Amino acid sequence: MRWVESDGVRLALFEEGDPAAPTVLLVHGYPDTHQVWDEVAGLLKDRFHVVRYDVRGAGRSSAPRDGGDYTYDHLAADMTAVLDAVGKPVVHLVGHDWGSIQGWEMVARPGIRERIASFTSFGGPGLDHAAHFTRYGKRSEVAGQLLRSWYIGAFQLPVLPELAWRTVMPRLLSRTIRVSEGIAPRPGHPADTLREDAVNGLGLYRANMFPGRRTPRAEPVVDTPVQLIESSGDAYVSPALLASMHPWVPRMWHRRISAGHWAQRSHPEVIARMVAEFVEHVEGAPPSRELRGARVGERGPYEDRLVVITGAGSGIGRATARAFASHGAEVICADIDLAAARRTAGDIAKTWRTAHAHRVDVADAADMERFAALVRDQHGVPDIVVNNAGIVVAGPFLAHSVDDWRRTLDVNLWGVIHGCRLFAAQMVERGEGGHIVNIASLAAFAPSRTLPAYSTSKAAVKMLSDCLRAELAGQGIGVTVVCPGFVSTAIASNATYVSGDERASRRPDQASGEPPHGGGEPAEPRKAAPGMTARAEKALARRGYPPERVATHILRAVHRNQPVVAVNAEGKIGYALSRISPAAMRRLARLTGGEEVNDR
């Protein structure tokens, strides 16, 4: 630590890391001190020269004698003194809360903006931008932000705010951080000097917040590269306010994190990674895929997104892979048939961009773990995962062997479980959200006499998706279950058909497809019942509903974060009827024991 003199106050300056490395200047907010950055600074110091300081009236820095000496001019003088003390031509500024609010002023102020190479902002908008939003934004969005900012008006009152901070507010703040954001208090945050820091810092609000005390810029354009980090659980800054800043910053990257207001405390690894990626890019390094996807401009919602699709060799999986690729996504085509996956990836590469083909058996937990690790190491954490791979065994329940049930559940249910478990863990660790799509079926809510194993597996997928959606929402990860009706794919020709005749001819010790008790060879493989394949193929062809239309529903569902999507007429009617009258669905199942097979 060293002292820096500025405009009648002494600022406590702290430095870590190699002074020859690019300098990252971390500025704290209200009512924090430089110690709120401890975790992030510790993660950055091996790659950067990390500088922090206690702003005037906070922590070890002294407070001005005049409580009004907290205007932007005073803060700018402090920033200039710090930059002079650091002695670097330019620094990369990172601001949180009031550190971010004053940062927006610094990147627009002549004499300082030239010394800031980049600005990372979270938890605090520019006051000029906020004033413009309040005047021209949608009334409902403005009202929502004003409700979040109620405390600003309270801080203008005499005496009462000081009294609150000297009595109940420190304890209330600690409880809020612990309960609402899951952050355990530690030495340094909240600081031992919290009471005095909070009372002194009221001057920030009283000196700068209202137009009568300063005139907002009519066009608050910022030329500095800006990384805007939006915390989805921030109780004080609305997404609408942050989005309204886009037109004023020609070079902006807007990233999102599932966290509360103090994201540098709850998710220090994520914040440190975002800061490092942005600083290194501004310094000349290629942008990470996540950073490319965050660039604000004329970009589609799937541009530069990484999408993993299982069962991508044919049918709905293939159509979905092509649809995402056509919207700019980088697609990983996975299938147990590597040749089919390569055909899909090759077709995509001819028309749009490079795609990747990988073989994976979704029913094999070890193979899925290998595949998930390969995706992370070679391509990165996926933004979207579509668990599509599935099989069909059709026929009466008593004709299904134990092996039929095991294979169906291993692929249709366990394959989805493996995909959700492995890739959701990667998304949570990355901290930037994501989306999981699980392909179920009309059979998930429509009982069938001829699809007992398939329907059971798809019903389980739907319930799994509902459970995951509830659990992962707080991490910014959406979960959608898609339930198509009859779709014109090759699923009928690839299905396994069992019949009542086969049930009658099979001995009890052959019912599982495994060796009889005492050893011996497995039961002979069963063949499709005569005519069933042809009838099922003909029925799906007559339906005339191509998988490309299902893919369109999938892309729309991800964009809108829809929980359940029933596809085509029979899918929508079946879903509605299952909710209105489950008894009617059971009666319908008894009356329709046909041999046709519905697609995923």
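At-a-glance table
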{"quantity": "Ranked by how many other beta carbons lie within 10 Å on average, peptides 373-380, 479-486 from highest", "calculated": "479-486, 373-380"}
{"quantity": "18 Å Cα-Cα reach of Lys350 towards aspartates and glutamates, excluding residues that sit fewer than 8 places from it in its own chain", "calculated": "Glu303, Asp304, Glu330"}
{"quantity": "Of [x] 58, 24, 22; [y] 38, 28, 27; [z] 53, 27, 22, the label for semi-axes √(5λ) of the Cα gyration tensor in Å derived from the coordinates", "calculated": "[x]"}
{"quantity": "Computed accessible area, Glu219, all protein chains, 1.4 angstrom probe, square angstrom", "calculated": "130 Å²"}
{"quantity": "The chain - percent of accessible surface contributed by carbon and sulfur, probe 1.4 Å", "calculated": "54 percent"}
{"quantity": "Packing rank of 74-80, 120-126, where each peptide gets the mean count of other beta carbons within 10 Å, highest leading", "calculated": "120-126, 74-80"}
{"quantity": "Sparse-neighbourhood loop sites, chymotrypsin sites (Phe, Trp or Tyr not before Pro) in the stretch 210-262 - DSSP loop, at most 11 other Cβ within 10 angstrom", "calculated": "none"}
{"quantity": "Alpha-carbon centroid distance for the pair the stretch 449-467 / the stretch 148-197, whole angstrom", "calculated": "50 Å"}
{"quantity": "Quotient of C-alpha Rg and 2.2 N^0.38 Å, computed over the stretch 164-232", "calculated": "1.53"}
{"quantity": "Computed over the stretch 376-490, Kirkwood Rh from alpha-carbon pairs, angstrom", "calculated": "14.9 Å"}
{"quantity": "Per-residue [θ]222 nm for the chain (sum of -39500 (n - 2.57) over DSSP H runs n ≥ 4, rounded to 500)", "calculated": "-13000 deg cm²/dmol"}
{"quantity": "Global form of the stretch 151-273, assessed from the alpha-carbon gyration tensor, a/c cut-off 1.5", "calculated": "oblate"}
{"quantity": "Mean Cα-pair separation over length for the chain, i.e. relative contact order, pairs under 8 Å, 6 or more apart, %", "calculated": "10 percent"}
{"quantity": "Local electrostatic count at Gly188 - Lys and Arg +1, Asp and Glu -1, tallied over other residues with Cβ under 11 Å", "calculated": "-2"}
{"quantity": "The chain: antiparallel DSSP beta bridges as a percent of all, rounded to 5", "calculated": "15 percent"}
{"quantity": "Highest to lowest packing among 566-572, 61-67, 388-394, 5-11, scored as the average C-beta count within 10 Å", "calculated": "388-394, 566-572, 5-11, 61-67"}
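The values are calculated or read from the model by the stated rules, or taken from the named source; none is laboratory data. Predicted, not measured: the structure shown is a model, and the values here were computed from it. Positions of Cβ are generated from backbone atoms using ideal geometry, with glycine treated the same way; all protein chains shown enter the neighbour counts. Surface areas here come from the heavy atoms of the whole protein model, side chains and all, with no ligands, DNA or RNA. Shrake-Rupley method; radii C 1.70, N 1.55, O 1.52, S 1.80 Å.
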